[in-house]
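> Pasting a structure below so you can have a look.
The values are calculated or read from the model by the stated rules, or taken from the named source; none is laboratory data. Values in this document were obtained by computation on a predicted structure and should not be read as measured data. Counting neighbours? That spans all protein chains shown, and the Cβs are built from the backbone with ideal geometry, glycine included. We work out accessible area using only protein heavy atoms, side chains counted, and drop any ligands, DNA or RNA first. Shrake-Rupley method; radii C 1.70, N 1.55, O 1.52, S 1.80 Å.
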Amino acid sequence: MRYVTPTRSAHRAAPAGGLSLPIRLPARGQHRRRSRRHLRREPLTTHLFTRGLAGLIVLGIVVMLGVLIVADDRRRPAQLASAEVDARIATREVDPAPLRADEVFPAGITAFGVTRSDLTADCTLAAGGALRTTLQRYGCSQAVRAALTVPYADYRITAGMLNLPDTTSAMAVGDQVRYLVETGDGSFAEMSGAATGPGTPVLWRTRGHYVMYCVITGPSGELVAPDAPQVAQLAHDILDTHLHDTVLIRRAS
């Protein structure tokens with residue numbers, strides 16, 4: 001009788017009872033197919049991640065472009081409004097209503113006090129020296145003036161607005177004011193009619209067919225340093241905020 005000796009692998013697979021259980025080995029090539037499916041999952045995950053990242057980048061670009069377009073659209077109305085203001089006060093023909101004293105310096109202004117105001121068709125009363133001739137030559141038809149006080153400085157202030165025929169004339173007067181003030185040959189006068197001396201802070205702006213100005217002296221008429229911090233504040237409050245932003249922009253609206 002022949003006996004068969006079991007192999008080592010069969011010994012290992014036999015349980016404690018000594019019975020040998022069948023061992024099912026994977027078919028040839030099955031392990032390879034699983035490995036291939038596992039390998040195929042990794043490139044798919046990477047592909048999905050790459051597509052998602054690309055989508056986020058595209059979304060970011062679209063959002064950025066949208067923000068830029070909205071910002072540009074918000075700037076355009078402001079630019080159009082500024083051009084429209086210039087057009088509406090460019091000449092007396094398109095802006096024929098004469099200035100009124102209560103329009104330029106109304107009662108109840110909170111930024112400064114108005115102690116006296118007047119309106120005159122003789123623009124030379126608002127000027128001294130060669131500036132009188134300049135205002136006559138360029139056809140100034142009105143001068144609205146006021147004596148002002150401010151809470152933050154003890155100054156004697158005269159401010160006013162001049163009505164010229166058109167933008168070109170107003171700009172020409174502004175250029176002449178600069179030249180005459182620098183040479184000492186002319187300037188705007190105080191409300192009292194007193195001429196201003198050399199070095200007196202004289203500030204002015206032009207917009208449309210109007211010239212806005214401001215003359216600043218000490219409480220007794222003494223000279224004020226042009227670089228004094230209150231001078232810049234006065235220019236902002238009187239010329240830029242009140243005469244320009246409030247009076248002229250409202251007139252153009």
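> Considering every residue within the range 109-120, establish whether at least one is open to solvent by 20 Å² or more (accessible area, probe 1.4 Å) and out of contact with any strand residue (DSSP E or B) (no Cβ under 8 Å at 6 or more places or on another chain).
As a first pass, look at the range 109-120 and keep what is open to solvent by 20 Å² or more (accessible area, probe 1.4 Å): 109-111, 113-120.
Narrowing further to those that are out of contact with any strand residue (DSSP E or B) (no Cβ under 8 Å at 6 or more places or on another chain): 109-110.
Yes - at least one qualifying residue is present in the range 109-120.
> Scan the range 152-166 and report the pairs whose first residue is at pLDDT 95 or above and whose second residue is among the charged types (D, E, K, R), with Cβ atoms within less than 6 Å and a gap of 6+ or a chain change.
What qualifies is T158/E190; G160/R145; P165/R92.
> Something else: For the range 119-163, what are the residues that are aromatic (F, W, Y) and closer than 20 Å to D240 by Cα? Reasoning before the result, please.
Just the residues of the range 119-163 that are aromatic (F, W, Y), to begin with: 138, 152, 155.
Result: Y152, Y155.
> Another question, then. Output the residues belonging to the range 199-219 that are touching a strand residue (DSSP E or B) at 6+ places or on another chain (Cβ under 9 Å) and free of Cβ contacts under 8 Å to residues at least 40 places away in the same chain.
The answer is T200, P201, V202, L203, W204, R205, T206.
> Counting only residues that are open to solvent by 20 Å² or more (accessible area, probe 1.4 Å) and over 21 Å from R116 (Cβ atoms), give me the strands (runs of 3 or more DSSP E) lying completely in the range 153-253 with at least 3 of them. Steps first, answer last, please.
On the way: elements: 153-163, 186-188, 202-207, 210-217.
Where strands (runs of 3 or more DSSP E) fall fully within the range 153-253 and carry at least 3 residues being open to solvent by 20 Å² or more (accessible area, probe 1.4 Å) and over 21 Å from R116 (Cβ atoms), they are 202-207.
> In addition: Could you tell me which residue of the range 140-152 is farthest from R92 (Cα to Cα), considering only residues that are in a strand (DSSP E or B) and open to solvent by less than 40 Å² (accessible area, probe 1.4 Å)? Let's see the steps before the verdict.
Our first condition is that a residue be in a strand (DSSP E or B); within the range 140-152, this holds for 142-150.
From what's left, open to solvent by less than 40 Å² (accessible area, probe 1.4 Å): 142-148, 150.
Working: Q142: 12, A143: 15, V144: 16, R145: 20, A146: 23, A147: 26, L148: 28, V150: 32 Å.
Only one residue tops the list, namely V150.
> Within the range 73-97, restricting attention to residues that are under 16 Å from the mean Cα position of the chain (by Cα) and of a type in the set (A, V, I, L, M), which residue is modelled with the highest pLDDT? Full working, then the answer.
Going residue by residue through the range 73-97, those that are under 16 Å from the mean Cα position of the chain (by Cα) are 73-83.
Adding the requirement that they be of a type in the set (A, V, I, L, M) leaves 78, 80-81, 83.
On the way: A78: 48, L80: 47, A81: 78, A83: 90.
Looking at residues that are under 16 Å from the mean Cα position of the chain (by Cα) and of a type in the set (A, V, I, L, M), I get A83.
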